[in-house]
1. Wrap a convex hull around the Cα atoms of segment 157-207, take a quarter of its surface area, and give that in square nanometres.
2. So if I place +1 on the C-beta of Lys and Arg and -1 on the C-beta of Asp and Glu, and nothing else carries charge, what would the dipole magnitude of segment 235-319 be about its Cα centre? I want it in debye, nearest 20.
3. Determine, for 237, 249, the number of other Cβ atoms within 10 Å of each Cβ, and report the residues in order from fewest to most.
4. Remind me, relative contact order of segment 189-306 in percent, using alpha carbon pairs under 8 angstrom and six or more residues apart?
5. How far, in degrees from 0 to 90, does helix 105-126 lean away from the longest principal axis of the Cα atoms of the chain, to the nearest 10?
6. With r defined as the distance between the Cβ atoms of residue 149 and residue 84 and R0 fixed at 30 Å, what FRET efficiency is calculated, to the nearest 0.05?
7. What three numbers, in Å, describe the spread of the alpha carbons of segment 177-228 along their principal axes, ordered from the longest?
8. With labels modelled as points extended 7 Å from the Cα through the Cβ direction, what inter-label distance (nm, one decimal) is found for residue 60 paired with residue 132?
Amino acid sequence: MAVWSLKYPRADSCAVAFVTVPVAMINPLDSTQLTTLQVCPRRLIIESQRASEKLWRPKELYEHCIRQALLNVSAGMSIADATLEAVTVFVERATRPGLLTAHKPYCIAQDWIAILKVSITALATVAGGFTEVPLVSRPSWKCLSLMGNDGRLHRWTTVAKFSRDLAAADLQSWAVVGDICATGLEMTVHFIETGVGRGGHQHTPWCRIFAHPAIPGRFAFQQKDGSPLEGNWKPVWFQNSPNNDIAHWLAMMERDQVKLIHDVRVKSPDASQRARFERDLAIERARIASLPKLEELPIFRPACNFPQVCQWQWICYAE
Ligand code: SF4
């Protein structure tokens, strides 16, 4: 019989002594911080102090890069330059501090870089202009969505496969509720299907096509009706040939009627919804301001392994 011993954090388990949470983190607050607080206040404190050590999930890093690339294109940068900058940022952060992934980081990073290259062109060629939303002084909220030329907020998020249930869950997030309530604006959420990670690769038409088993040079993503290809088609990856061209890849996606971007419009909130948000925010801001030192906070065990293993267990569970 295996015998395990419990691990409790030492009082000095964290190398940094926290007396108070930095004021800069409290004001303004954004949806990422508020979500983290409600999942685990310890995580909020740790990440406020160790931001440079935080490992990125590929999806998070991709969303960060897409947002910045669309801002850059809106500011007049060419799509090619915005793509190059986005890829550079992705590679730098994937290298140090690194990616949080169950797959081989190099392989999965190559897939996500290909997804980034192809999807930036796809999004930038159809999107309007965007700017950052000025800080909303009341209730001191930093809006992470971008303001479109159409007067609406825009947010890009990834899903393995789009569904109404996933969309409904996202529309309840602080990223949506917080931003529309703080600004009073409508929002368009752009869901980008990025497939699943399996066998060391990200399986999505953004970076994977199939080669015909018998006809050289014949490639396809799917059948015209959207059903999978039949026969022994072999997967081929965008990044595996320098001859793969973004425009040609996108044209093949269009030919095969691959649709990976789904837009959902969210109505602007009414006065009572905005008041409710301000009340909730005030309560949570007060909670942040009164957080004790890290070593005095209990471990939020339900959050340590669900929905994913928390990357800070090496601090909280240190012997
Ligand atoms: S390991 Fe658990 S307690 Fe520690 S920061 Fe992560 S979720 Fe919170």
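The numbers here are math on the coordinates, done by the rules we state, and not lab data. Note that the structure is predicted; figures quoted are calculated from it, not measured. Please note: Cβ atoms are built from the backbone with ideal geometry, for glycine as well, and neighbour counts cover all protein chains shown.
1. Values: hull surface 16.9 nm².
Hull-based average projected area comes out at 4.2 nm².
2. Details: 11 positive and 11 negative charges, 79 e Å.
So the dipole magnitude of segment 235-319 works out to roughly 380 debye.
3. Working: 237 16, 249 22.
Fewest-to-most ranking of 237, 249: 237, 249.
4. Values: 95 pairs, mean separation 30.1, N = 118.
Relative contact order, segment 189-306: 26 percent.
5. Long axis of 105-126 versus the principal axis of the chain: about 80 degrees.
6. With R0 = 30 Å, the Cβ-Cβ based efficiency is 0.75.
7. 57, 27, 17
8. 1.9
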